[in-house]
Each structure stands twice: as structure tokens, then as C-alpha cells.
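So the structure is just underneath, and the comments pick up after that.
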Amino acid sequence: MWVLLSIVTAVFFALSSGQAKALSRRSHDYVVTWAMMVLGVPLTGLVLAVQGMPEIEDGFYLAAMVSVLLNTVAVTLQVKALRLSPLSLTMPFLAFTPLFMLVTSSFILGEFPTAKGFAGILLIVAGAYSINLDRLKDGGITAPIRAIGSEPGSRLMLAVAAIWSVAAAYDKVATVASSPAFYTTFFGVVYGVIYLPLFLIGLRRSESPKRAVPGLFLLGALSAGMILAQMTAIEMTIASYVIAIKRSGMVLSVFLGYFFFKERHLRNRFAGAALMTLGVVLLSI
């Protein structure tokens, strides 16, 4: 069951990222970030109402607040990265999250992947190189590596991957100490309050904010569906396994970038994303 939920998470992750990029063209980053994390609360609250209140165990509030604070930074950087750079050049770099989780999960959760997983590191690095193979013509063999540093979206997504490698561990602690529906509802409400000043600043800087309302609510619904599926899956198995399957959504993101945002070099970016996805899987075996 957790595998199916993780696949649902991957699909919703790709769709929500594509929607966030589309909205960032006319809405400020702060507005898109707030909507992504908050406007799904009615959906998660409805699920909570049906399931009922869980027993809140020790450690919930500390873990939940740490995750909220980490995601305040990470999701803002994610939305900025999606606005600045092509979808197909930003999303694949989230493959580094499971790589970073090799360290964070061992310290926070006591979870250790098997030795085979370390082979995935080479595939992730190879995939990151392959994504920028089109730069070989102009800059030589080191050009694809330098391109990662020169692409602002790629740099920001690497930072997001590092932050999420820590946040995912605290997500599991908070979910196990409550329930997926309660945690996601609590998360959205607290996030909405903390982020409200930035949301109001972004609202004043957005163009035609009323026209973006339907799209923002769609973004919130996609994100809520993703988070509910992810937290339910994380409750059932090792956190890094769920994140590994979730990151396969970056392959779908490459196609979304090509078909909806007219991004180029589909072959290189698909190959790179596929290699990174395989690396993520190996890291989690």
C-alpha cells in the first residue's frame, strides 16, 4: 500500500510543481508559497473530521514546529527556483534529497539503507551531469558541471534538497506521534500564520491577484493530496523509501516542462532525470 501512496505522491508532486511554475509568472513567490502550503487545509481538515482526532504523543509539537520552520525556507526557495529556471533543470536536483538523507535519517531516525544503496550516488551524479550535456559543444567536458553552478534554479534546488533531507525525518516523527491528517492540517494552519506577513507583502506585489485565485486553490489541493499521501506512506515504512519514489516525479516534470513550458533538450534532461531516479531507488534498496 505504501508503494501506491508513494507513486500518488510523486505524480502530485510533479503536477503541483508545474502549477507553481505557471502561477509564478503572474503571482509573487510569497503568494505561491503560501497557497501551496495553506490552501489545502480544508481538504486535510475534512479528512481529519472523518477520521477523528488522534492521540497526540510526546515529541509531536517539537518535531512539527521544526518541520514548519525548515519548510518556510525550503518551499520559498523551491518556488523561486521554479520561477527562475526551466522545470526540467530544477526538479531533477531534488534527487539529492535521499543522498543527504543517508546522513540525516541515520542521526534523527536511526534508519540505515543497505550497502547497495551507495551505488546510487554515482547514478545521481551521472544524471546531474547528463542534464547539461548540451553545454559540451561550447565549454568542453567540464561545462555540464559548471552549468549546475551557473543555473540559479539548480543551485537553489540543491539547497532545498538539503533542507528537505532534514525536514523529512521530522515529518515522520510528527506523523507517527499523531496521524497524517492531523499533522498536515496542523502544519498548514501554523505555516499559514507564520507566513502571513510575507503573503500580504507578496499580494501587494502581484499582478491581477484575483485572476490567480482558482489556480492558487488548485495548487493548494494538489499539494494537500501530495502531503496526505506522503505522510500516510511515511507512517508505514522507512522515510527514505517514500522520498525515493516521490522523487521519480521529476521524470514527469521533465515532460511537463517540454510540453507546457516549451523547454528544450528533452532527450538530455529526460536521460539525466531517469539516471537520477534510478540512483534514488538504489539508495533506498
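Over the chain, give the accessible area per residue in Å² for a 1.4 Å probe, as an integer.
With the other protein chains kept in place, the chain gives 43 Å² per residue.
Of the heavy-atom accessible surface of region 16-69 (probe 1.4 angstrom), what whole percent is carbon and sulfur?
Taking all protein chains in place, region 16-69 shows 62 percent carbon and sulfur surface.
For ASP58 and ARG204, calculate 0.36 nm times their separation in residues minus their Cα-Cα distance, and state this gained length in nm to one decimal.
In short, 48.5 nm is gained.
In region 158-285, what percent of the accessible surface is made up of carbon and sulfur (1.4 Å probe, ligands and nucleic acids excluded)?
Carbon and sulfur: 71 percent of the exposed surface of region 158-285.
Using 0.36 nm per residue, how much length does the chain from ARG25 to PHE260 gain when fully extended, once their Cα-Cα distance is taken away?
That works out to 83.3 nm of additional length.
In nm, to one decimal, how far is the modelled label at ILE7 from the one at MET65, with both set 7 Å along Cα→Cβ?
The answer from the label model is 4.0 nm.
In Å, what Rg and Dmax follow from the Cα atoms of the chain?
Considering the chain through its Cα atoms, Rg and Dmax are 18.2, 60 Å.
Can you bin region 170-266 into rounded, prolate or oblate? Criterion: square roots of the alpha carbon gyration tensor eigenvalues sorted a ≥ b ≥ c, rounded for a/c under 1.5, prolate for a/b above b/c, oblate for the rest.
Oblate, because a/c is 1.5 or more while a/b does not exceed b/c.
Taking square-rooted eigenvalues a ≥ b ≥ c of the alpha carbon gyration tensor, is region 228-285 rounded, prolate or oblate, where a/c under 1.5 means rounded and, failing that, a/b exceeding b/c means prolate?
oblate
The values are calculated or read from the model by the stated rules, or taken from the named source; none is laboratory data. Since the structure is predicted, the reported quantities are computational estimates derived from the model, not experimental observations. Every residue, glycine among them, receives a Cβ derived from its backbone with ideal geometry; neighbour counts consider all protein chains shown. Side chains included, ligands, DNA and RNA excluded: accessible areas come from the protein's heavy atoms. Shrake-Rupley method; radii C 1.70, N 1.55, O 1.52, S 1.80 Å.
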